[in-house]
Amino acid sequence: MAPQRARPLVLSSQVSRDDIDDAMHRFGWRITNIFVGSPTHPGQVVYASADRQSLLYLVEDQRLGVLYFTGTGPTIDTTLAEARDHLPVLSAEDALERARHPQQVADLTEALAVLVLTAQSEPSDEQVEVMLRALSYEDGALRNAALVAATYAAWPSLREPITEMAARDADPTVRANAARVMEAIYPS
């Protein structure tokens, strides 16, 4: 049987490394490995849970601009619950609200990251609606943020709008990015 893999727990942007170190100490998590990130590959700090049965991954995803925990093992749900109780996290509900009324690109980027990272294998109608709306915002920077998030969510319902963006978007940068998403996620 494959090890249980947890859905990501996205940390609030207010969480500091000191906060994470405090949680690590409080719950007896031990660092087992560190992978340095790059603009194309997330950095990770790997912890063993206090019971040594699960691994907790702190992922610093530069593309999405978020920090999140995920993990594997039979006790990962308990370990993530400890993190959730000690550190401020962003829920899918928070993300939906923020995505409905983004104040700036960073708000939308963070909200879409939470949506795609925490989505079930079949996203809700509301999650799809938020992504479709983000792909059609007037601001090209917001559309680009939505395209980045879409690379984490190969939802069939996004194929047609991204195909349309690749062919007809008014912004040449958005058009090129949409074409790259199509090539990587939805090849013909």
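A compact table of results
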{"read-out": "Segment 56-130 - convex hull of the alpha-carbon atoms, volume per residue in Å³", "value": "101"}
{"read-out": "Full-stretch length increase - S188, R7 - with 0.36 nm per residue and alpha-carbon distance subtracted", "value": "62.2 nm"}
{"read-out": "Computed label-point distance, nm, for sites A170 and D94 using a 7 Å Cα→Cβ extension", "value": "3.4"}
{"read-out": "Förster radius 22 Å - calculated FRET efficiency between L132 and Q62 (Cβ-Cβ, nearest 0.05)", "value": "0.30"}
{"read-out": "Trypsin sites (Lys or Arg not before Pro) within segment 7-78: DSSP coil, no more than 13 neighbouring Cβ in 10 Å", "value": "R52"}
{"read-out": "Values of log10 I(q)/I(0), in the order q = 0.24 Å⁻¹, for segment 1-106 under a Debye, Cα-only, solvent-free model", "value": "-1.41"}
{"read-out": "Distribution of pairwise C-alpha distances over segment 39-84, 5 Å bins, in %", "value": "6, 24, 29, 19, 13, 8, 2"}
{"read-out": "Formal net charge of residues neighbouring L135 (Cβ-Cβ distance under 13 Å; K, R +1; D, E -1)", "value": "-2"}
{"read-out": "Residues of segment 126-188: accessible area per residue with a 1.4 Å probe, Å²", "value": "51"}
{"read-out": "Whole-Hz ³J(HN,Hα) from phi, Karplus 6.51 cos²θ - 1.76 cosθ + 1.60, for segment 62-78, glycine and proline x", "value": "5, 5, 7, x, 10, 10, 8, 9, 8, x, 9, x, x, 10, 5, 4, 5"}
{"read-out": "Residue-by-residue Karplus 3J(HN,Hα) for segment 173-179, coefficients 6.51, -1.76, 1.60, Hz, glycine and proline x", "value": "5, 5, 4, 5, 5, 5, 5"}
{"read-out": "Whole-percent carbon and sulfur share, accessible surface of segment 57-188, 1.4 Å", "value": "49"}
{"read-out": "Stokes-Einstein D (µm²/s) once Rh is taken as the Kirkwood radius of the chain over alpha-carbon pairs, at 25 °C in 0.890 mPa s", "value": "141"}
{"read-out": "For H41, net neighbour charge (Lys/Arg +1, Asp/Glu -1) across residues whose Cβ lies under 14 Å away", "value": "-1"}
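The values are calculated or read from the model by the stated rules, or taken from the named source; none is laboratory data. Owing to the predicted nature of the structure, the values given are computational and were not obtained by experimental measurement. For neighbour counting, all protein chains shown are included, and Cβ atoms are generated from backbone atoms with ideal geometry for every residue, glycine included. For accessibility, only protein heavy atoms count, side chains too; no ligands or nucleic acids. Shrake-Rupley method; radii C 1.70, N 1.55, O 1.52, S 1.80 Å.
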